[in-house]
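Every read-out reported here was derived from the displayed coordinates using simple, explicitly stated rules and does not represent laboratory data. The model shown is predicted, which means the values in this text are computed figures rather than measured ones. Don't worry about glycine lacking a Cβ; one is built from the backbone with ideal geometry, like all the others, and counts go over all protein chains shown.
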Amino acid sequence: MDELAAVLAIFAAVAFAFAATLWQRASMASGIEAGQGEAFLRLLTNWVWLLGLVAQILGVLLQAAALDRGRVAIIQPLLVTTVVWALPLGYFLTSQTVTRRHGLGAAIVVVGLAVFGSVGDPAGGVDDAPTSDWIAAYLVIAAVCIGILLFGRRGGISAKAAVYGTVAGVLYGVSAVLMKPVVERLHTDGFAAVLENWQLWVMAITGIGGFYLQQISLAVGRLATSVATTSVANPVVSVLLGALVLQETLDRTPSWHAVVAIGALAVALLGAVIIASASEEESEAEPTAWNAESATGQPSLA
């Protein structure tokens with residue numbers, strides 16, 4: 001595995017965690033909901049939210065640089081560390097509760113990804129695929145997203161954060177995989193050729209869609225749940241698309257490498273699920289208490 005690519009991916013995860021935390025800080029009191037465009041537009045004048053946007057853009061640039069040097073199957077799973085970085089940031093910036101179970105989940109994520117990165121070097125793969133392959137994959141993903149949004153929102157605020165966070169992660173995953181052919185075309189054919197190709201625009205649309213749904217998820221007030229679901233869905237979709245569309249495979253020399261790598265990635269994703277479930281068990285009154293504190297005029301970043 002390209003060590004520089006891995007480092008770039010980790011720094012991207014830090015930037016994404018910082019962005020999510022700042023966005024939550026700015027949006028929790030804004031009342032942004034699905035379809036409430038005015039509340040979303042108000043965030044555009046909030047300097048904390050704008051600082052988060054800068055961090056997100058930096059993260060995307062770092063992610064693109066990492067994907068330029070490494071394979072999707074390795075780079076994207078490293079972004080699961082976003083949820084690990086979000087825990088201390090949420091504790092200090094948005095008064096999120098960090099429990100022992102959160103710490104256990106974070107430790108599991110780190111160990112799982114460390115093993116995955118050491119034995120999961122990808123073999124083979126292409127930088128692009130026929131348009132028909134992309135379309136077939138996107139039709140399946142679109143059906144999954146619609147199903148999650150229609151049938152997954154029943155429950156409390158944690159369920160809402162998880163649903164919107166999951167769909168945001170799916171869209172981010174689609175956008176991330178398209179970065180690979182877009183960056184490759186930029187190197188070989190130039191900027192004009194990139195602008196003329198459909199992949200850049202689908203990458204932008206899915207990225208913006210994921211961005212908007214993430215704002216709704218973060219506004220619920222469950223930072224760890226929102227970040228964990230986004231951070232899990234993103235690499236899962238990316239790895240699947242990398243394998244099915246870009247023909248990426250894990251190293252099988254020796255044969256046990258691929259088995260251990262897949263198991264380690266599953267362990268890392270389990271750690272993210274533990275973090276999300278720990279957040280779901282927190283008192284539903286905590287976000288309300290935070291908003292009430294903000295309303296009293298106490299000093300805040302927003």
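Taking only the Cα atoms of segment 96-196, how large is their convex hull per residue, in Å³? Before the final figure, lay out each step's value.
On the way: hull volume 17.5 nm³, N = 101.
It is 173 Å³ per residue.
Using each residue's phi in segment 253-265, evaluate 6.51 cos²θ - 1.76 cosθ + 1.60 at θ = phi - 60° and report the 3J(HN,Hα) Karplus result to the nearest Hz, with x for Gly and Pro.
10, x, 5, 6, 4, 5, 5, 5, 5, 5, x, 5, 5
Calculate, in nm to one decimal, what TYR138 and GLN247 gain on full extension: separation in residues at 0.36 nm each, minus their alpha carbon distance. If you can, show how the numbers build up before the last one.
Working: separation 109, 0.36 × 109 = 39.24 nm, distance 1.61 nm.
Once the chain is fully extended between TYR138 and GLN247, it gains 37.6 nm.
When the C-alpha atoms of segment 3-295 are aligned to their principal axes, what extent does each axis show, in angstrom, from largest down?
Result for segment 3-295: principal-axis Cα extents of 55, 43, 35 Å.
Would you please give the FRET efficiency between VAL259 and GLU196, computed as 1/(1 + (r/R0)^6) with r the Cβ-Cβ distance and R0 = 51 Å, to the nearest 0.05? Working shown, then result.
Numbers: r = 43 Å, r/R0 = 0.83.
Efficiency, from the Cβ-Cβ distance: 0.75.
Between ILE205 and VAL273, how high is the FRET efficiency from 1/(1 + (r/R0)^6) when r is the Cβ-Cβ distance and R₀ = 25 Å? Nearest 0.05.
Numbers: r = 29 Å, r/R0 = 1.15.
Working from the Cβ atoms, E equals 0.30.
Tell me which residues come under 5 Å, amide H to amide H, from LEU250 once H is placed; ignore anything under 5 positions away on its chain.
ALA123
Go through TYR164, VAL227, VAL98 and say which Cα lies farthest out towards the positive end of the charge dipole of segment 3-295; charges sit on Cβ, +1 for Lys and Arg, -1 for Asp and Glu.
VAL98
Any idea which of LEU241, GLY190, MET179 is furthest toward the positive side of the dipole for segment 139-259, if Lys and Arg beta-carbons carry +1 and Asp and Glu beta-carbons -1?
Sorting the options by dipole projection puts first LEU241.
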